[in-house]
Amino acid sequence: MSETEPEIRKGLVGVVADVSAVSKVMPETNSLTYRGYAVQDLAENCSFEEVAYLLWNGELPDADQLKAFRAEEAGERAITPALHGVIRAFPQDAHPMDAIRTAVSFLGLEDPETADVSEAATRRKAMRLLAKIPTAIAAAHRASKGLAPVEPDPKLTFAENFFHVVLGKVPAPEVVKAFDVSLILYAEHGFNASTFTARTITSTGADLHGAVTGGIAALKGPLHGGANEAVMHMLAEIGEPSKAVAWLEGKFDHKALVMGFGHRVYKNGDSRVPTMTKYAEKMAEVVGDRRWMEMSRLLAAEMLTKKKIHPNLDFPAGPAYHLMGFDIPLFTPIFVASRITGWAAHVIEQQADNRLIRPLSHYTGAAQRSMPAR
Ligand code: SDX
């Protein structure tokens, strides 16, 4: 490596870009903690609201704090007639990720404190986004199907209300629990691409709505959050367990990516997969349809044997959401509804100790030359 040929870490592989006290990803032990608590313990024992509180405040809430947090979130769920109008104007075939990206951007136009980047204002805006994102996701999804929006119900938990606004009904408690678990597992994950995008936007002094809008744009891609939808499309294409291994061999022949597998940080297994798989299996039992989980089991075994590549969280989340009754295009927006908690925690952290994120590039274009005569 000479002065003119600096070391390039393509994709910033292995680069430690800053400190963070929000979560710790430990690939050596396949583990992940939020504010010090193992994610699987949080998923089994807490509600999503408790985990949101934890991410934003550093500690789990006591009963009064949780009650107040729930009441504040439930009270902010409604979206304005103006946003409903914008949503109705979206093209019928708009992708729900594009719809929620645009809706969040519009929420920034409406928010009374958009440009206020103080910590107190950012926290209030984060709560409003947490509460309103499901309403906007649901309204856009229902509009695309020609259905009227469903008013959010402040008496329901965050997870129950999500089903209510999207599907118009709240399913059995074990289905709500599986969904709540998925929200907890998706909430936060260090400097992943969308969070780093949000932090980069924040580092310029821009506001939370801008950071979240950028985070949503980054999350849509199939190498990131878009993989949970791609997984279900893949399972649907395979169709039945008996075809899974042959289908995979065909992918190996073309060196194609298999969605829901691999991870930049975890090389020996994603810490969140066992918990999500357990709840996806429960969904298969509840629905009485083992096909998708059986196919998943065969694909995961074959990927491990032949490629030594483990599944990531999107692999069990895809079939779990399908079994819960959600349409495939909603899967990545669900990720948004959860990850807003992690994004906001990182935005607050970035604001508290900010320095503009501005790396360098190594120029490889044409050598300096004279302008042609004119
Ligand atoms: C998420 O960062 C986060 O934390 C993200 C996330 C979060 O919570 O925010 O965990 C959520 O985004 C999960 C990832 C979802 N994406 C996918 O499932 C898409 C499929 N997976 C990949 O394309 C890939 O594994 C990535 C993008 C996830 C990671 O890419 P890397 O770190 O750049 O790894 P790589 O592409 O360099 O892969 C190393 C090798 C390559 O083979 P060689 O060139 O060395 O021979 O592994 C192979 C890859 O081809 N490989 C795969 C594969 N993933 C890696 N081969 C087939 N199928 C795959 N899925």
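Per residue, the convex hull around the alpha carbon atoms of region 99-138 comes to 56 Å³.
Given Lys155/Lys220; Lys177/Lys307; Lys24/Lys67; Lys132/Lys155; Lys125/Lys282, which pairs have Cα atoms separated by over 24 Å? Present the calculation step by step, with values, prior to reporting the outcome.
On the way: Lys155/Lys220 31 Å; Lys177/Lys307 33 Å; Lys24/Lys67 28 Å; Lys132/Lys155 15 Å; Lys125/Lys282 36 Å.
The answer is Lys155/Lys220; Lys177/Lys307; Lys24/Lys67; Lys125/Lys282.
When all alpha-carbon pairs of region 227-324 are counted, what percent fall beyond 22 Å? Don't skip to the answer; put the middle values down first.
Working: 931 of 4753 pairs.
That tail contains 20 percent of the Cα-Cα pairs.
Residue separation of Leu147 and Leu360 scaled by 0.36 nm, minus their Cα-Cα distance, works out to 71.8 nm of gained length. As a rough guide to protection, the peptides 138-147, 365-374 ranked by mean Cβ packing within 10 Å, highest first, stand as 138-147, 365-374.
If you average the C-alpha positions of region 165-230 and of region 70-99 separately, how far apart do those two centres end up, in angstrom? Answer, in whole Å: 16.
When the chain is described by a simple charge dipole with +1 on each Lys and Arg Cβ and -1 on each Asp and Glu Cβ, the residue from Gly205, Gly226, Ala280 located farthest towards its positive end is Gly226.
As a rough guide to protection, the peptides 340-346, 270-276 ranked by mean Cβ packing within 10 Å, highest first, stand as 340-346, 270-276.
Working ranking of peptides 246-258, 325-337, 28-40 by packing, defined as the average number of other Cβ atoms within 10 Å per residue, highest first, is 325-337, 28-40, 246-258. When region 32-116 is described by a simple charge dipole with +1 on each Lys and Arg Cβ and -1 on each Asp and Glu Cβ, the residue from Gly36, Ile100, Ala74 located farthest towards its positive end is Ile100.
Computed over the chain, the convex hull of the alpha-carbon atoms projects to a mean area of 23.3 nm².
With +1 on the Cβ of every Lys and Arg and -1 on the Cβ of every Asp and Glu, and nothing else charged, how large is the dipole of region 227-324 about its Cα centre, in debye rounded to the nearest 20?
Numbers: 14 positive and 12 negative charges, 85 e Å.
Here the size comes out at about 400 debye.
Annotation for region 155-215: trypsin sites (Lys or Arg not before Pro) lying in DSSP loop with at most 13 further Cβ atoms inside 10 Å of their Cβ are Lys155, Lys169. Considering only Val15, Ala373, Pro241, and ranking their Cα positions along the charge dipole of the chain that arises from unit charges at the beta-carbon of Lys, Arg, Asp and Glu, the one farthest toward the positive end is Ala373.
Values quoted throughout were computed directly from the atomic coordinates according to the rules given, and no laboratory measurement underlies them. Only a predicted model underlies this, so the values are computations on that prediction, with no experimental measurement involved. Note: ideal-geometry Cβ built from the backbone for every residue, glycine included; neighbour counts use all protein chains shown.
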